[in-house]
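Okay, so here's the structure we're looking at.
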Amino acid sequence: MQNLILHHVSILARDVARSVAFYRDVIGLELLKRPDFDFDGAWFACGDRQIHIIDHPPGTHRNNPAVDIADAHFAFRTDDMDAVLADLTRLGYSETAEEGDPKRMVLLRDSPTGFIQVYLNDPDLNVVEINNAPM
């Protein structure tokens, strides 16, 4: 298989409206028109890729509210980490929030990767990374 490129990532959600608010208002993605499936969900544009939210009342496999950077996650890349961190701070996210607080973020300024990484949980405990990796 040659020339494969990621098209979308699907994320399970117990409450689609709550997840839509997170990915639209916190992450800043644009909501797309979604085909009329026989289950609820939402699609977002992410550059030329997509994020799909799928209604799944049992939730994800995660039940620990800690932001676990070694757990399954996906990452968004930004050219402006300062603006991302300012936006997250404005929305109440903090490195000093208690473990398990939904507004806790884990910030790796001196990551072994050589670029900054910030991790947070979405409302269903899916781990989300935002980084400024080189292109």
So for the pair ARG77, ASP40, with labels modelled 7 Å out along Cα→Cβ, what separation do we get in nm? 3.5 nm
So, in nm, how far is label HIS52 from label ALA66 when the simple model puts each one 7 Å beyond its Cα toward the Cβ? 3.2 nm
Within segment 37-135, list the chymotrypsin sites (Phe, Trp or Tyr not before Pro) lying in a DSSP loop whose Cβ has at most 10 other Cβ atoms in a 10 Å radius. PHE37, PHE39
For n ≥ 4 DSSP H runs only, could you compute -39500 (n - 2.57) per run for the chain, divide by its residues and tell me the 222 nm figure to the nearest 500? -3000 deg cm²/dmol
Calculated over segment 1-77: convex hull of Cα atoms, volume per residue (Å³): 147 Å³
By the gyration tensor of its Cα atoms, with a ≥ b ≥ c the square roots of the eigenvalues, what is the shape of the chain: rounded for a/c under 1.5, prolate for a/b over b/c, or oblate? oblate
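In the chain, what percent of the accessible surface is made up of carbon and sulfur (1.4 Å probe, ligands and nucleic acids excluded)?
Exposed carbon and sulfur together represent 53 percent of the surface.
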Cβ charges +1 (Lys, Arg) and -1 (Asp, Glu), total dipole of the chain, debye: 160 debye
Calculate the length of the line joining the C-alpha centroid of segment 86-114 to that of segment 20-80, in whole Å. 18 Å
If you roll a 1.4 Å probe over the heavy atoms of the protein chains, what accessible area per residue do you get for the chain, in Å²? 60 Å²
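The values are calculated or read from the model by the stated rules, or taken from the named source; none is laboratory data. Since we're looking at a predicted model, the values are computed, not measured. For neighbour counting, all protein chains shown are included, and Cβ atoms are generated from backbone atoms with ideal geometry for every residue, glycine included. These accessible areas exclude ligands, DNA and RNA; they are computed on the full protein's heavy atoms, side chains included. Shrake-Rupley method; radii C 1.70, N 1.55, O 1.52, S 1.80 Å.
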